[in-house]
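The values are calculated or read from the model by the stated rules, or taken from the named source; none is laboratory data. These numbers come from a predicted model, not from an experiment. For neighbour counting, all protein chains shown are included, and Cβ atoms are generated from backbone atoms with ideal geometry for every residue, glycine included.
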Amino acid sequence: MQLFAFIRISMVLTALSCAVRVQADEPGMDRLILVHYQPWYQAKSPQTPWGWHWTMDKYDPEQSIAGKREIASHLYPLIGPYDSADPDVLEYHLLLMKLAGIDGVIIDWYGLQDFHDYRLLHRNVEELVRSASRLGVKLVICYEDQTIEKLTRAGKLAPEDQVPHAVSEIKWLLDNWFPLENYVRLKGRPVLLSFGQQGLGPAQWDRCLDQLGQSIAHFPQQPQEQDGASGFDWPLPDKGLQPNRDFNRSIGRSRSIDQAIPVAFPRFHDIYEQAGVQRSWGRVQDRGGKTFRETLDGALETGASLVQIATWNDWGEGTVIEPSEQFGFRDLEIVQQRRRSHLDAEFPYQAADLRLPFRLFQLRAESSARSAKRKARLDRVAQWLANGKIAMARVGLEGLENER
């Protein structure tokens, strides 16, 4: 009897051990698709003008061309130019991400200082963080440490205070956003990206990270001249797709799946030169969606824990996967397809489901949505979508639409 019990216990322990090994080693487990998000758009209101990212001091959204507002972009948002602090816009964006198979947002953050539009951007990011937490979308912060150099040039930050300034900003993140349940962690460490090479140098970043008092998973942007894969990759439109392919191959050779974040993007077509801002960075053609399919396949095939799509909504550079008049929902449908192919064969959402957040946004824009009863019903539909209750959301939307 004792021998039989011992054999049974051994079999259970062996099964549990195998289960743990499968969970840790199974391809696609704990791998995330994230999308880079710009929080810098400002729509006109009685208190504020149209923001620079819609105008670039050349275009006037009060003027219309073929029924569309004139904006600083070759592409046009399906919902028109918007304000990044609008909770209905944020809800629309985040619900689309969930139904497309995007796990979370990498948010551009310019810090806490009251300089240029940094305070406004911080306010917008706060709104996005609240909305993402409510709807169950994951978060990562990308720190624009170029702000440090700009503050220094403006005489607002002494050179010797650059590292202490960065430490202070990141400690604020450690106290406020990193502890959130939906904040992305890699092996228990909160993930932080830092954009560009115009802020702190590598030695300064080492000093900064040493002074935080807590270990974080820091990913700087990959320097163009660096061989091998580390940090996060980004489009280099003047060089085409080859640098991104090389980055992905380096991940495969070194198996640095937790030290590198590959990038996928649909195209690159900036408007900087036409706007008189600067010379164009170059052009990567859309090729009927082939560029996005190719770069997303390449990024996912590396096996990297985190994959970044660039971008959700950089309209000035044309890298958007947010639905546009020109491409509709096509790029989000590509994400759905690739998620099923590479990460989750049972991913349940279909192309038709992507139209539901758009219908919800349209209903929220109507004046009748201001009534408390109708707003409560719209809020229920939003939560159904966030929870994956698609059939209930579709019925709820149809009922609201029929009552117009």
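When Asp331 is tested against (1) within 24 Å of Trp40 (Cα to Cα); (2) part of a helix (DSSP H, G or I); (3) without any contact (Cβ under 8 Å) to a residue 60 or more places away in the chain; (4) charged (D, E, K, R), only condition (3) is not met.
Residues being under 21 Å from Ile33 (Cβ atoms), in a strand (DSSP E or B) and within 19 Å of the chain's Cα centre (by Cα) are entirely absent from the range 240-254. Scanning the range 334-353 for residues that are surrounded by 18 or more Cβ atoms within 10 Å (Cβ to Cβ) and of a type outside the set (Phe, Trp, Tyr) yields a count of 8.
Of all positions in the range 167-182, none carries a residue that is part of a strand (DSSP E or B) and closer than 21 Å to Leu94 by Cβ. For first residues located in the range 164-182 and farther than 17 Å from Arg123 by Cα and modelled with pLDDT of 95 or more, partners that are of a type in the set (A, V, I, L, M) and assigned to a helix (DSSP H, G or I) and lie 6+ apart or on another chain with Cβ distances below 8 Å form the pairs His165/Ile148; His165/Leu151; Ala166/Ile148; Leu180/Val129; Asn182/Ala132. Within the option set Arg355, Arg359, being part of a helix (DSSP H, G or I), of a type in the set (Lys, Arg) and within 30 Å of Ala299 (Cβ to Cβ) holds for one residue only, Arg355. What are the residue pairs meeting all of these: first residue in the range 270-299, first residue farther than 27 Å from Asn248 by Cβ, second residue of a type in the set (Asp, Glu), Cβ atoms under 7 Å, and 6 or more apart or on different chains? Short answer, once both residue conditions are applied: Arg279/Glu273.
Pairing residues of the range 118-135 that are within 23 Å of Trp52 (Cα to Cα) with residues that are modelled with pLDDT of 95 or more and not hydrophobic (A, V, I, L, M, F, W, C), at Cβ distances under 6 Å and at least 6 apart in sequence or on separate chains, gives Tyr118/Tyr110; Tyr118/Gly111; Leu121/Pro39; Leu121/Tyr110; Asn124/Pro39; Asn124/Ser84; Val125/Pro39; Leu128/Pro39.
What number of residues within the range 76-112 are over 16 Å from Arg339 (Cβ atoms), in contact with a Leu (Cβ under 8 Å, 6 or more places away or on another chain) and of a type in the set (Gly, Ala, Ser)? Number satisfying all stated conditions: 1. Scan the range 187-201 for residues that are assigned to a strand (DSSP E or B), within 14 Å of Gln214 (Cβ to Cβ) and of a type outside the set (Val, Ile, Thr) and the total you get is 3. Tell me, yes or no, whether the range 249-263 has at least one residue that is surrounded by fewer than 17 Cβ atoms within 10 Å (Cβ to Cβ) and in contact with a Leu (Cβ under 9 Å, 6 or more places away or on another chain). Yes: one or more hits.
Filter the range 377-397 down to residues that are under 24 Å from the mean Cα position of the chain (by Cα) and not aliphatic (A, V, I, L, M) and give me whichever is surrounded by the most Cβ atoms within 10 Å (Cβ to Cβ). Per the criteria, the residue is Trp384.
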